[in-house]
Amino acid sequence: MKTYTVLVKSGKHTYAREVWSERKGNKVVQHYVRSRGRATRDKDGNIVLLGRTLPRDFVVYDHADAQLLFSLAEKLSLPDVINEKVRANSGIKNPGMLLTLLAVAHASENLSFPKFQFWYSYSGLEEKAGIDEGELTPTNISRELEKISWKPSIGSQDTVGDIVYDVEAELWKKLEKIEGEKAPVYYDVTLVYTYSEKLEIALFGRPSGKKLPRINVGLVVSRPNAFPMMHRIFPGNVTDKATLGEISALLEHKFGLRKNMVILDRGFDPKTALKCLRGAKLGYLIALPFQSEKICSIATSVPEGKLCRADNLFLNEYAVSIERELFGKKERFILVFNPAKKVAERLLRDGKVKEATQALESYRKKLRKGNYTDENRVVLRIDRILHGVGEYFGYGLKKSGGRISDFTFHKKEDAIRKAELLDGRFMLVCSDRRMGIERCLELYKDKDLIEKTFRTFKGQIGVEPTRCRRLEQVNARIFISYLSYLLLSYLRYLMRKHEFVEIGVEELLMKANRVKLVKNVEESGVGFSAISSIRAKDRKILPFLRKFIEV
């Protein structure tokens, strides 16, 4: 959108105001954009502003953050990669550019389709993108995205298809050169709430605070730069362990991973995880939950005295490497012990057991005085009291004359003693027998990379809650969010590479949003192009922006 400058007198001084105009009926209405400070005209009629002479005809673009992200997308050849894989399966002239622009908008300001057109007109990207502003109405955008044939995989339950994997695999080839050929990756699943109950994959899963259906999104990110490798959408009632078979097969066959370390947290079933990753010939580093007797016996096989030695101290925790058989194969385990955590866990459990005991006694007194006949209601109340400590208690109901008159309960001392043996311990299973203990701990403790990724997905990019009503819309929405996070993670990498670490990515984009890109549009071509800022405290980001933005 073209803006121009007018002079307005206010009091004793004259100020320059940037405005844009539109015709409403027989009138031309000027819309105020911003004040550009005190100004005057020189003898040639040019506006003199802050010591700089501006030509009478010039354009001031906002959103240097959009210019920055778009330049990074071009650096990754993002529009070309998408066009190569998607254009043949759609009726869109330039699907790569459309998806790239939407990804830039979501990464910078998390814009909805109705606001996108105005943002685009002010971003200064129209000349670079080659898409006319008038074509980007909400209706046109939705219609164009629905033309893309996402080609779901045969037998899949979701809508993410082969085309998406082709694009992501091609992009990973570029990012792999940065991360390294054997880069470790993290995989986890997060839920995304939706307001559309008509969506086939929007289902209710495990109980949660929100009474909304949801879809599950599986995401693989690399280390150390947290580049997103791939994503996959699953129905809302699918558990984490049920997703591993498809993910491991895709990593092996589509992305060509060979012996890369896949790192999983304790939320995955170890038997399923080991079966899938062994079959795909991938490396693995998995935290084991203390659920089965076999895993608990391995975790307690090394006495505390042997663990707590000076030569076993790594990253402020004691750790040893042992080999035992698990699920039909001899595996290497990293057994970790933290004395401070042992004390904290024991105090926490003892406090909860004591609190539950007092609550049960109080409820017994109430039950004896009342007239309770509904057994299910009483059981539900007791289970609610024992939430989190139910494994340490046993109870039985007493009935008299058709009513529940009392109940008895007791502590399971054996279960408490068994839990005390595991206090302060956790255990990893690692496929690489030559990897050092400290390296294993470093990799596992960096698992918050994927949690931060989910936080960015739901916060800055705003993927949740989704209001998509059709599967094609879900595809496009999640894929655009994936592309947005790809740009943000690539920007974070470049900031570290150029040693610009004074601020984070989000703050950089916030400050860049206030930076002005000024371009001379005189017919003679004589004039200037510049990146400037009206705020002195934002000027420290200008050298970094100039490395990637051309005006």
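The values are calculated or read from the model by the stated rules, or taken from the named source; none is laboratory data. Everything numeric in this text was worked out from a predicted model, so none of it was measured. So basically every Cβ, Gly included, is an ideal-geometry build from the backbone, and we count neighbours across all protein chains shown.
Let's see how each residue does on (1) part of a helix (DSSP H, G or I); (2) buried (at least 18 other Cβ atoms within 10 Å of the Cβ); (3) in contact with a Gly (Cβ under 8 Å, 6 or more places away or on another chain):
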{"residue": "ILE247", "(1), (2), (3)": "yes, yes, yes"}
{"residue": "LEU257", "(1), (2), (3)": "no, yes, no"}
{"residue": "VAL262", "(1), (2), (3)": "no, yes, yes"}
{"residue": "ALA340", "(1), (2), (3)": "yes, no, yes"}
(request) Check the stretch 372-379 and report whether any residue there is over 28 Å from SER301 (Cα atoms) and within 28 Å of the chain's Cα centre (by Cα). (result) no
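GLU331: charged (D, E, K, R), within 34 Å of the chain's Cα centre (by Cα) and closer than 30 Å to ARG381 by Cβ, yes or no? Even if it seems obvious, please write down each step before you answer.
Values: charged (D, E, K, R): yes; within 34 Å of the chain's Cα centre (by Cα): yes; closer than 30 Å to ARG381 by Cβ: no.
Spelling it out, it is not the case that GLU331 is charged (D, E, K, R), within 34 Å of the chain's Cα centre (by Cα) and closer than 30 Å to ARG381 by Cβ.
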(request) Would you please name the residue that is nearest to SER121 (Cα to Cα), looking only at residues in the stretch 1-42 that are in contact (Cβ under 8 Å) with a residue 24 or more places away in the chain and in a loop (DSSP other than H, G, I, E, B)? (result) MET1
(request) Of all residues in the stretch 275-322, count the ones that are buried (at least 18 other Cβ atoms within 10 Å of the Cβ) and among the hydroxyl-bearing types (Ser, Thr, Tyr). (result) 2
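Is it fair to say LEU443 is assigned by TED's automatic domain parsing to the domain that holds GLU179, assigned to a helix (DSSP H, G or I), buried (at least 17 other Cβ atoms within 10 Å of the Cβ) and over 11 Å from the mean Cα position of the chain (by Cα)? Spell out the reasoning first.
Numbers: assigned by TED's automatic domain parsing to the domain that holds GLU179: yes; assigned to a helix (DSSP H, G or I): yes; buried (at least 17 other Cβ atoms within 10 Å of the Cβ): yes; over 11 Å from the mean Cα position of the chain (by Cα): yes.
When the stated conditions are applied, LEU443 passes them.
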(request) Take the residues in the stretch 101-139 that are more than 18 Å from GLY462 (Cβ to Cβ) and β-branched (Val, Ile, Thr), then tell me which one is surrounded by the most Cβ atoms within 10 Å (Cβ to Cβ). (result) ILE131
(message) Which condition from (1) loosely packed, with under 11 Cβ neighbours inside 10 Å; (2) at pLDDT 90 or above is the one that GLY328 breaks?
(response) (2)
(request) Test ARG455 against the criterion of being in a loop (DSSP other than H, G, I, E, B) and farther than 30 Å from TYR363 by Cβ, and give yes or no. (result) no
(request) Please enumerate the residues belonging to the stretch 363-373 that are without any contact (Cβ under 8 Å) to a residue 24 or more places away in the chain and in contact with a helix residue (DSSP H, G or I) (Cβ under 9 Å, 6 or more places away or on another chain). (result) TYR363
(request) Mind listing whichever residues of the stretch 369-415 are hydroxyl-bearing (Ser, Thr, Tyr) and either part of a strand (DSSP E or B) or under 18 Å from GLU355 (Cα atoms) (or both)? (result) TYR392, TYR395, SER400, SER405, THR408
(message) Which of the numbered conditions does SER431 fail, given that it passes all the others? Conditions: (1) crowded, with 21+ Cβ neighbours inside 10 Å; (2) more than 24 Å from ASP311 (Cβ to Cβ); (3) not aromatic (Phe, Trp, Tyr).
(response) (1)
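This table checks each residue for (1) in contact with a strand residue (DSSP E or B) (Cβ under 9 Å, 6 or more places away or on another chain); (2) surrounded by fewer than 16 Cβ atoms within 10 Å (Cβ to Cβ); (3) modelled with pLDDT of 90 or more; (4) under 17 Å from LYS342 (Cβ atoms).
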| residue | (1), (2), (3), (4) |
| --- | --- |
| PHE409 | yes, no, yes, no |
| LYS412 | yes, yes, yes, no |
| LEU421 | no, yes, yes, yes |
| ARG425 | yes, no, yes, yes |
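Report yes if GLY388 is of a type in the set (Gly, Ala, Ser) and modelled with pLDDT of 90 or more, otherwise no. Break it down into steps so the answer makes sense when it comes.
Working: of a type in the set (Gly, Ala, Ser): yes; modelled with pLDDT of 90 or more: no.
So GLY388 fails the test.
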(message) With closer than 26 Å to LEU244 by Cα, outside any strand (DSSP E or B) and free of Cβ contacts under 8 Å to residues at least 40 places away in the same chain as the only criterion, which of CYS296, CYS276 stands out?
(response) CYS276
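Taking the criterion of being surrounded by fewer than 17 Cβ atoms within 10 Å (Cβ to Cβ) and under 33 Å from the mean Cα position of the chain (by Cα), would at least one residue in the stretch 343-350 satisfy it?
Yes, the stretch 343-350 contains a residue that is surrounded by fewer than 17 Cβ atoms within 10 Å (Cβ to Cβ) and under 33 Å from the mean Cα position of the chain (by Cα).
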(message) What's the total number of residues in the stretch 416-431 that are outside any helix (DSSP H, G or I) and out of contact with any Phe, Trp or Tyr (no Cβ under 9 Å at 6 or more places or on another chain)?
(response) 1
(request) Taking only the stretch 327-338 into account, find how many residues are closer than 20 Å to PRO303 by Cα and either of a type outside the set (S, T, N, Q) or in a strand (DSSP E or B) (or both). (result) 7
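Any chance you could count how many residues in the stretch 1-18 are surrounded by 12 or more Cβ atoms within 10 Å (Cβ to Cβ) and either under 20 Å from GLY134 (Cα atoms) or of a type in the set (Asp, Glu) (or both)?
Initially, the stretch 1-18 is screened for residues surrounded by 12 or more Cβ atoms within 10 Å (Cβ to Cβ), giving 1, 3-8, 14-18.
After this cut, where a residue has to be either under 20 Å from GLY134 (Cα atoms) or of a type in the set (Asp, Glu) (or both) as well, the list is 1, 3, 18.
Count: 3.
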